[in-house]
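Throughout, read-outs are computed from the coordinates displayed, never taken from laboratory work. Remember, it's a predicted structure, so these values are computed and weren't measured experimentally. Because the Cβ atoms are built from the backbone with ideal geometry, glycine has one as well, and the counts that use them run over all protein chains shown.
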Ligand code: SF4
């Protein structure tokens, strides 16, 4: 018999019961909640007279709607305020731990989970949010769920699932200087497409993945969902274990040693068989910039905007034409000639300390270009913010003309006051460039933190691998 | 949950690939804490000429006459005919809620995004994946007043021309949809198994059950 993939192992560890048709009841070790997708679930629980199965496995935080300025004034928008207050009320009523808006640990749900050690290797992690795939970076099986499933997990601590197929994405060799985790994952999506991972759990492996920090691994797994896979995984190694040692919710004392032993086996066996394997040459990846309204519409920064006329598939050609029109771009235009209006450094993809450091290296001692109307840096959590401030990163950004904000989702999806105006163009470190994502009529280009900072300084896209050191 | 057995209904065509959940229900409507009432904002950015906000009275808003669902011949459509990768993007369950609240009961497309596909079944909506070529044919044979019959028990679609098409659906999901059954009640039938699992797992990973 052939060996097991990491996904096979995680799956088997969590099966409570399997039906004849292969659908299984899967135990959920960690359930994360936020204000947008939970109110209707609590409403359903209440209506049915049910109670949470195991309160301690739930952790809640308000992130999508929270303001990133003047937090002491509360939330001005009544609808946003109602959602956040509803979360506070529900958590109090059902005895669920919540990091409220004024808690120092508050932040984006996918940043605080690993940061607190609330999501750990070997766990099943779910949240009513598609970027839950982020937590797979620690060798956890983590995926987004819908609100009915949020209710299901609250009531039963389980989910009904069918096993996905195994896809291995192997990054061979090492990336060049200036090429980050974000460029790796954008290049992968450019290659396999936004539906390339449909029906699969993706394991990211290879030398270039092993060389990434935990923060970088989270960036890669975060965008597994943009490649169509519900979950992305990276095997446990020393980097993983070192990261979790001493985190507030991580096991302590003898439990830690027991956990470490258990986690050591969280990798695919050498003879494991994958349903599909994609090989990628990491050394060939350059800094990436999306030009369209889907993450797969991406090119390297030294290329030009593609020409729909050279696309053979009619449906694809149509969506390229529509994307160019929406984005206000012309085929053949050099990416480095694209002038931006706003810059957003943040989101659950790129708001961790390492991301802020990479942006700060580029911004240090420079000034925003005159055409930049707004450049936001939004740390992923209160603790990331504190860490950055202790390193003086806030000063670097403020001196260069960036705004330094309170943690939250912010302009990633523009549910709070941070957004693009119609027709505005943004260099953004977030994960989605769909029409209207960052504000009605707004135009989003997805890039790495270093690339976003470089665009803020130059006023247009530039190749950070040419400006050198340590990005 | 509303049961789905057989349905004969008008078909509306949405001839675009990769329709994402942001397009199905734009994010400003996610602020609602309710489950119902999203229908008037379905495809909001395509359907109206102004910018939609929660609690707007949609009757007063300028509609986009070119958008398919605004055309009089598709009024009352309960089946949506769409293109590949329908429902991609954010996991928001508001997307099936909005489609259902608008009046749709089934969606036919060459492929669906995973999470969206799952969410449909939980909300009494039937997503039907059919081969691209068959979906092309259906787009090709549409005429005003075109209806399809969907028979879930027998996994069959009967076209206006009387042609029968069979489709795939997982047995378990079909059973639940046919009977309008609530997922949670079904899972709680296994409460003893869940408790047993917890006891066994606690031996291997006690820190997960420290409370
Ligand atoms: S930062 Fe963006 S992608 Fe991440 S959870 Fe928030 S809204 Fe979603």
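Once the C-beta distance of residue A:367 and residue A:322 is scaled by a Förster radius of 30 Å, the resulting FRET efficiency is 0.25 to the nearest 0.05.
May I ask you to derive the relative contact order of chain A, considering only C-alpha pairs under 8 Å and at least 6 residues apart, and to give it as an integer percent?
Working: 1153 pairs, mean separation 82.8, N = 471.
Computed over chain A, the figure is 18 percent.
Each part gets one Cα centre, and for segment A:228-288 versus segment A:371-396 those centres are 28 Å apart. Label-to-label distance, residue B:133 versus residue B:49, with points set 7 angstrom from Cα along the beta-carbon direction: 4.4 nm.
Once you reduce segment A:40-100 and segment A:202-226 to the center of their Cα atoms, the two points are 30 Å from each other.
Take every DSSP beta bridge with both residues inside the protein assembly as shown and express the antiparallel ones as a percent of the total, to the nearest 5. Antiparallel: roughly 30 percent of the beta bridges in the protein assembly as shown. Cα centroid distance between segment A:310-336 and segment B:103-182, in Å? Centre-to-centre (Cα) distance: 32 Å. Running Debye on segment A:188-287 with equal point scatterers at the Cα sites and no solvent, what base-10 log of I(q)/I(0) appears at q = 0.11, 0.14 Å⁻¹? Scattering profile of segment A:188-287, log10 relative to I(0): -0.40, -0.63. Per residue of A:423-434, other chain Cβ atoms within 10 Å of the residue Cβ number 1 on average. Over all directions, the projected convex hull of the C-alpha atoms in segment A:315-383 averages 6.8 nm² in area. Shape annotation for segment B:42-112: C-alpha extents along the principal axes are 35, 29, 18 Å, from largest to smallest.
Over segment B:84-190, what is the percentage of antiparallel beta bridges among all DSSP beta bridges, to the nearest 5?
Working: 6 of 11 bridges.
Antiparallel: roughly 55 percent of the beta bridges in segment B:84-190.
To the nearest whole percent, what portion of all C-alpha pairs in segment B:64-181 is separated by more than 26 angstrom?
Details: 1123 of 6903 pairs.
Value for segment B:64-181 (Cα pairs over 26 Å): 16 percent.
Take the Cβ-Cβ distance between residue B:70 and residue A:252 as r, set R0 to 60 Å, and report the resulting FRET efficiency rounded to the nearest 0.05. Rounded to the nearest 0.05, the efficiency is 0.50. Where only DSSP H runs of four or more residues are counted, the protein assembly as shown gives -9000 deg cm²/dmol as its mean residue ellipticity at 222 nm, each run worth -39500 (n - 2.57). Less than 20 Å from a label point 7 Å out along the Cα-to-Cβ axis of residue A:12: which backbone N atoms in segment A:236-259 qualify, by residue? Residues A:236-237, A:259 fall inside that zone. Taking a ≥ b ≥ c as the square roots of the eigenvalues of the Cα gyration tensor, chain B is oblate, since a/c reaches 1.5 or more and a/b is not larger than b/c. Between residue B:199 and residue A:97, what FRET efficiency follows from the Cβ-Cβ distance if R0 is 35 Å, with the result rounded to 0.05? It comes to 0.90. Take the Cα of residue A:281, step 7 Å toward its Cβ, do the same at residue B:1, and the gap between the two points is 4.9 nm.
For chain A, the fraction of C-alpha pairs more than 29 angstrom apart is 46%. Spin-label model, residue A:19 to residue A:312: label points 7 Å out along the Cα-to-beta-carbon direction sit 4.2 nm apart.
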